[in-house]
Structures are given as C-alpha cells and as structure tokens.
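No value in this document is a laboratory result; all are computed from the given coordinates. In this text, all values refer to a predicted model and were calculated from it rather than measured experimentally. As a convention, Cβ positions derive from the backbone with ideal geometry for all residues, glycine included, and neighbour counts pool all protein chains shown.
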Amino acid sequence: DAGVIQSPRHEVTEMGQEVTLRCKLISGHNSLFWYRQTMMRGLELLIYFNNNVPIDDSGMPEDRFSAKMPNASFSTLKIQPSEPRDSAVYFCASSLQGAYTEAFFGQGTRLTVV
Amino acid sequence: SQQGEEDPQALSIQEGENATMNCSYKTSINNLQWYRQNSGRGLVHLILIRSNEREKHSGRLRVTLDTSKKSSSLLITASRAADTASYFCATGPLETSGSRLTFGEGTQLTVNP
C-alpha cells in the first residue's frame with residue numbers, strides 16, 4: 001500500500017477562492033482524521049470520521065470549512081471562501097480503529113492564501 | 001485544546017547521548033502514542049502504549065506511562081543526527097463514543113554530530 005496520499009502538496013490561492021484538499025486513505029482503514037498545523041496553534045484536530053460518518057467535527061473552525069467522505073477510501077476538505085488566516089499545513093491521517101490504533105499520516109498540503 | 005503537553009519544548013544534545021522527552025495529559029486515556037515529524041513531512045508513528053502498560057520498548061526507544069501522574073516519557077538511547085525531528089505525544093480517549101486523537105505541542109530535538 002502506498003500509504004495515505006494527499007493532494008495537492010502545495011496550494012497557493014487568492015483570498016475568497018474555494019480550496020479543495022483531497023485525501024486517499026489506506027485500504028481497510030475505517031477512520032479518518034483531518035488536522036491543521038500552524039506554528040501558533042500546533043496540531044489541531046478539525047474533524048474525525050468513522051466508517052464514512054463524521055463523528056466529531058467540533059474542531060472545524062467555522063462554516064467556511066466542510067469535509068466529506070463520499071466513499072470508504074476518499075475524503076475532501078473544502079474551504080469556501082478562503083482567508084489568509086487559513087494558511088497552514090493540512091494533514092489527513094487514517095487508522096484501523098480511531099484513536100485506539102496507530103494513525104498513518106499523509107505528507108500534508110501546504111496551503112497559502114494571499 | 002491540546003490534551004498533551006511535552007516538555008521540554010526544545011532539546012539539543014550530542015550524538016551518542018540519550019534524549020528524554022516528557023508528556024503530561026489531563027484526562028483519562030485508553031492509550032498514549034508518540035510520533036516523530038521531520039521538517040516539512042507528515043507525522044510518523046513510533047510507539048503506542050496502552051493504559052494498562054507501564055513500559056514499552058522498540059529498538060532504541062523506551063516509553064513509560066504513569067497513569068497516576070498522567071504522564072509519559074520517551075527515551076531515545078544512543079542518539080543519532082538522523083533523530084533530529086519534532087516529537088509529539090498523542091492521547092486516545094477512554095470513552096468509546098468518540099475517538100479524538102489529540103496532540104501536544106511537541107519537543108524539537110536536535111542531535112549534533
């Protein structure tokens with residue numbers, strides 16, 4: 001298995017534009033985490049899915065952020081409209097059983113909103 | 001909010017020395033995990049220790065867990081320059097309804113050749 005795959009690796013966009021980040025889980029994993037990493041706030045959990053269902057989205061900053069899992073192996077994180085303060089590295093991670101087993105991280109998407 | 005807090009924030013040692021990092025957390029846990037992050041890369045899982053375990057080893061890594069003090073430590077023995085990275089602890093919750101894996105702020109380890 002190639003591991004968790006995120007795309008794009010880098011994204012530069014103008015304020016107000018829609019941004020879509022993509023994540024492919026490891027085959028057989030049923031849990032997905034989206035994190036955001038900044039120098040100021042560290043690693044923040046945005047949302048957690050289990051079996052394609054959002055279980056905990058309390059970390060999603062505001063309505064501009066939305067996440068979906070259209071199938072068991074793929075997820076998207078959308079920001080619309082984007083703002084400069086959304087600039088960060090966004091990671092997705094998958095695991096066999098939520099936080100009870102090890103999580104495998106993708107390489108991240110570095111988002112810059114200008 | 002962050003569940004775990006690592007200590008120290010930064011650690012600089014010479015190659016061959018041992019490195020010890022600590023993690024404290026606030027609520028009851030199912031497990032505690034340690035991860036490494038090299039600059040510009042994703043996090044890599046190092047070791048998972050369950051709440052009923054007190055010590056675990058993996059190669060040059062040794063992790064201890066003290067649930068009474070709500071703390072854990074990661075020891076890297078005979079450090080190498082390649083161990084230079086940020087190290088994070090993460091906690092898995094005790095309750096089964098949710099499954100937030102929350103991370104601390106991390107310890108930046110620098111191993112000088």
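Residue B:68 to residue B:54: extension gain in nm, 0.36 nm per residue of separation minus the Cα-Cα distance? Before the final figure, lay out each step's value.
Working: separation 14, 0.36 × 14 = 5.04 nm, distance 1.09 nm.
Value of the extension gain: 3.9 nm.
So how long is each side of chain B along the principal axes, counting just the alpha-carbon atoms, biggest first, in Å?
46, 28, 20
Pairs of lysines 8 or more apart, or on different chains, with alpha carbons under 28 Å: count those in the protein assembly as shown, would you?
Value for the protein assembly as shown: 8.
Relative contact order for segment A:1-49: what percent, with Cα pairs under 8 Å and sequence separation of 6 or more?
30 percent
Taking only C-alpha pairs under 8 Å that are 6+ residues apart, what is the relative contact order of chain B in percent? Intermediate values should be presented prior to the final figure.
Numbers: 292 pairs, mean separation 44.0, N = 113.
RCO, chain B: 39 percent.
Considering the options B:99, B:72, B:27, tell which one lies farthest towards the positive end of the dipole of chain B, charges being +1 on Lys and Arg and -1 on Asp and Glu at the Cβ, about the Cα centre.
Value computed over the given set: B:99.
From other protein chains only, count the Cβ atoms within 10 Å of every residue's Cβ in A:102-111, then give the mean.
Partner-chain Cβ atoms within 10 Å, mean over residues of A:102-111: 4.
What number comes out for the charge environment of residue B:48, summing +1 per Lys or Arg and -1 per Asp or Glu over other residues with Cβ under 12 Å away?
Counting the neighbours of residue B:48, the net charge comes to 0.
Tell me the label-point distance for the pair residue B:110, residue A:9, using the 7 Å Cα-to-Cβ offset, in nm and rounded to one decimal.
Those two pseudo-labels are separated by 2.6 nm.
Points 7 angstrom from Cα along the Cβ direction at residue A:18 and residue A:58: gap in nanometres?
So the two model labels end up 3.0 nm from each other.
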